[in-house]
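The structure appears below as C-alpha cells.
The values are calculated or read from the model by the stated rules, or taken from the named source; none is laboratory data. Source: prediction; values computed, not measured. Here the Cβ positions follow ideal geometry from the backbone for every residue, glycine too, while neighbour counts run over all protein chains shown.
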Amino acid sequence: MEVLPNIHQFRIPIPDNPLGFINAYLITTRDGCLLIDTGWNTPQAFDSLQQQMADVGVTLADLRYIAITHVHPDHYGLVGRIEKHTNARLIIHEIERLLLYSRYVNYQPLLDDMDQWLEVNGVPAEDRPALQLASMEILGLVEVAMPDHVVHGGEHLVLGDFDLEILWTPGHSPGHICLYDASRQVLFAGDHLLEKITPNVSMTSQSISNPLVDYLKSLHQVARCPVQTILPGHGKPFGNLLGRMEEIRQHHERRMEEMLALFQGQTQTAYEIARATTWYTSWENLPYYSRRMAVTETLSHLELLLAQGALLKTTRNGIVWYTPA
Ligand SMILES: [Zn+2]
Ligand SMILES: [Zn+2]
C-alpha cells in the first residue's frame, strides 16, 4: 500500500504471534530504494516481501539501504536472507549491533544470565526452565547479518529527495531508532509508538539502565518533532502523536499505581507482583514467553517506583525484595 507518495507499507505475516503482521516500509527514489525493517526469517515472509516489492516494480537488487529500527526477530530476522540478493548497506544502531552476538550467535551465557535473573527476582525453581528457555524457538526466525553502518542518533540518511533523521529512542530496545522525515512530517516509529498497544519495556540482565526511564524520555524526544503521520512497526498509520504519547504515559502511571497497591504494605518479589498484576489473560493462560515478559516488564516499573522513592529494595538469601517506603 502506498501510504504517501513514494512511501509503501508492506504487511509481512508473522503467524503464531498476536500482532499478526509486521510492517516493512519501502521508500522509492530515483537514486535507489530504502527498506525499513524486514520481517522474520521464514520462506513465507521472504516471499511476501518480494511479492509486495514486485507489485511496485522493485526488486531486492534495487535496494541501496536497509535500516533496522531494532533487532527483535520480527523486524530484523529476515535481513540475513535478503542480504544474499542485494548489495544494500545495512544500518543498525551501535547498541543493537552489540546485542547480536549474545542473542543470536553464542547465546548460552545469556540463557544462564536469564536463569539467574529470574531466580533473584523470585521466580520459583519449578517455573524457571520454561521461562528461561521461552525465547529459544524464535531464535530460528533470525539469520544474522552484521551492519555496514552503525548509527548513534542524529545522523541524516539522504536518498533522492528524502532526508531522514535518525532518532535514538531507547526503551523498547536499548538501541531502538526511529527515522524522521521533517519535510513530510513523517515518523517511521518501529515499535516505539504503536496505536493500539503499548510496547513492551522490559528490564533484563542486559539492561544498561532502567528501560522505562529511557522509554519515557524517548517519548519526549520524539515529541519535539512536528509529525503528521506515524508509520508504526505494527498496525495502520496514525496521527495525533502528542495524544498517543499522553495515553502511553498515563498507562505506565496507572500500571505503577496498580503494582504499588498490590504490595498491600508487604515485602514482595517482582515475580509475586507480576503474577498479581492484570495482563491480557490470566497468569495460568499466559504463554511462558509472555510470563517472562510480564516479570521483566514488572521489574522496569518497580525500579522506577524505587527511583521515585515509593519502594525500598533489599537482598536476602540471593533474592531481591521490594517493600513500600
Ligand atoms: Zn520489538
Ligand atoms: Zn515488533
*Give the range 220-274 a look and list any residue that's within 24 Å of Met1 (Cα to Cα), in contact (Cβ under 8 Å) with a residue 12 or more places away in the chain, among the polar types (S, T, N, Q) and out of contact with any Pro (no Cβ under 6 Å at 6 or more places or on another chain), or say none.*
Gln228
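For the range 217-231, enumerate the residues that are farther than 20 Å from Gly154 by Cβ and surrounded by 16 or more Cβ atoms within 10 Å (Cβ to Cβ).
So in the range 217-231, the residues farther than 20 Å from Gly154 by Cβ come out as 228-231.
Selection gives Thr229, Ile230, Leu231.
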*When residues of the range 200-233 are filtered for being out of contact with any Gly (no Cβ under 8 Å at 6 or more places or on another chain), part of a loop (DSSP other than H, G, I, E, B) and within 16 Å of ligand 2 (Cβ to nearest atom), how many remain?*
2
_Within the range 164-194, considering residues that are assigned to a loop (DSSP other than H, G, I, E, B), away from ligand 2 (no atom under 13 Å from the Cβ) and farther than 19 Å from Leu299 by Cα, the one farthest from the chain's Cα centre (by Cα)_ = Ser183
_Between Ile14, Ile22, which is modelled with pLDDT under 95 and within 11 Å of ligand 2 (Cβ to nearest atom)?_
Ile14
*What are the residue pairs meeting all of these: first residue in the range 181-194, first residue of a type in the set (Ser, Thr, Tyr), second residue more than 16 Å from ligand 1 (Cβ to nearest atom) and not in a loop (DSSP other than H, G, I, E, B), Cβ atoms under 7 Å, and 6 or more apart or on different chains?*
Ser183/Asp163
*Tell me, yes or no, whether the range 22-33 has at least one residue that is away from ligand 1 (no atom under 15 Å from the Cβ) and assigned to a loop (DSSP other than H, G, I, E, B).*
yes
*Consider Leu212 against the criteria (1) surrounded by fewer than 18 Cβ atoms within 10 Å (Cβ to Cβ); (2) over 27 Å from Gly39 (Cβ atoms); (3) at pLDDT 95 or above: it satisfies all of them except one. Which criterion is unmet?*
(1)
_Testing His156 on (1) closer than 20 Å to Ile230 by Cβ; (2) away from ligand 1 (no atom under 16 Å from the Cβ); (3) under 21 Å from the mean Cα position of the chain (by Cα), one condition comes back false. Which one is that?_
(3)
_Positions within the range 253-267 being surrounded by 14 or more Cβ atoms within 10 Å (Cβ to Cβ) and in a helix (DSSP H, G or I), in sequence order_ = Arg255, Met256, Glu258, Met259, Leu260, Leu262
*asked:* Take Pro147 and tell me if it is under 19 Å from Cys33 (Cα atoms) and crowded, with 18+ Cβ neighbours inside 10 Å.
replied: yes
*Among the residues of the range 3-61, which ones are surrounded by 15 or more Cβ atoms within 10 Å (Cβ to Cβ) and among the acidic types (Asp, Glu)?*
Asp37
*Cβ pairs under 6 Å, 6+ apart, first in the range 54-75 and assigned to a strand (DSSP E or B), second within 15 Å of ligand 1 (Cβ to nearest atom)*: Ala67/Ile36
*Out of the residues in the range 2-17 that are part of a loop (DSSP other than H, G, I, E, B) and in contact with a helix residue (DSSP H, G or I) (Cβ under 9 Å, 6 or more places away or on another chain), state the one that is nearest to ligand 1 (Cβ to nearest atom).*
Asn17
